[in-house]
Structures are given as C-alpha cells and as structure tokens.
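A.B. asks: Please see the structure below; I have some questions.
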Amino acid sequence: MPALPVIRASIKKTLRPTVPRITNRFFAVLRDGEHQARYVVEQIRRLHNAGLAWRDMAVLYRAHYHAMQLQMTLPGNKFRLSLCRV
C-alpha cells in the first residue's frame, strides 16, 4: 500500500466550541485517593438529590488507578459501573 503524501502547507482553521462554556467549575483540595473517592460519591448523591437522574451522570478519570478507590467507595448495589476505554 502506498504511503500517504506529506502535506507541507498548513490549512487555516477557525476553531469554535460546540459545547456551551461551563461556568460552574470549582477546585477541591483533597488529601488522598480515599478522600477523593468519598468526595466524588458525595457529589454524585448531591446531584441526584437535586434532581439529576442517575442515568445522566458519568465519572471520567484520567488513570485506571483512580477507578479502583472509587469502585471500593461506591455502595455496591446503588451504582452501576460501566468501564470503557477512550
């Protein structure tokens, strides 16, 4: 199979966000992985109590080791876990 040609010229692009800007960001200082996991569970419960459906929530994490502590902290029968790799 022939190699694709190398394109030397740059293509001018204008990037625009497709998702509305999030204005309710915050920063949490947490001691360790266990504290982080408890905090995430508390936030999930708070959102659910405020009316957000369980099916409309997701927890994204950057490294798999973050998930282990979270899985151990989540009450077993109240949360359904779906692990996927992106």
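A.B. asks: Given (1) among the aliphatic types (A, V, I, L, M); (2) assigned to a loop (DSSP other than H, G, I, E, B); (3) touching a helix residue (DSSP H, G or I) at 6+ places or on another chain (Cβ under 8 Å); (4) modelled with pLDDT under 85, where does residue 72 come up short, assuming only one miss?
C.D. replies: (2)
A.B. asks: Does any residue of segment 27-34 turn out to be modelled with pLDDT under 75, part of a loop (DSSP other than H, G, I, E, B) and among the small types (Gly, Ala, Ser)?
C.D. replies: no
A.B. asks: For segment 38-60, give me each residue that is in a loop (DSSP other than H, G, I, E, B) and surrounded by 12 or more Cβ atoms within 10 Å (Cβ to Cβ).
C.D. replies: Scanning segment 38-60 gives 52, 57, 59.
The values are calculated or read from the model by the stated rules, or taken from the named source; none is laboratory data. In this text, all values refer to a predicted model and were calculated from it rather than measured experimentally. Cβ sites come from the backbone with ideal geometry, for glycine too, and all protein chains shown count toward neighbours.
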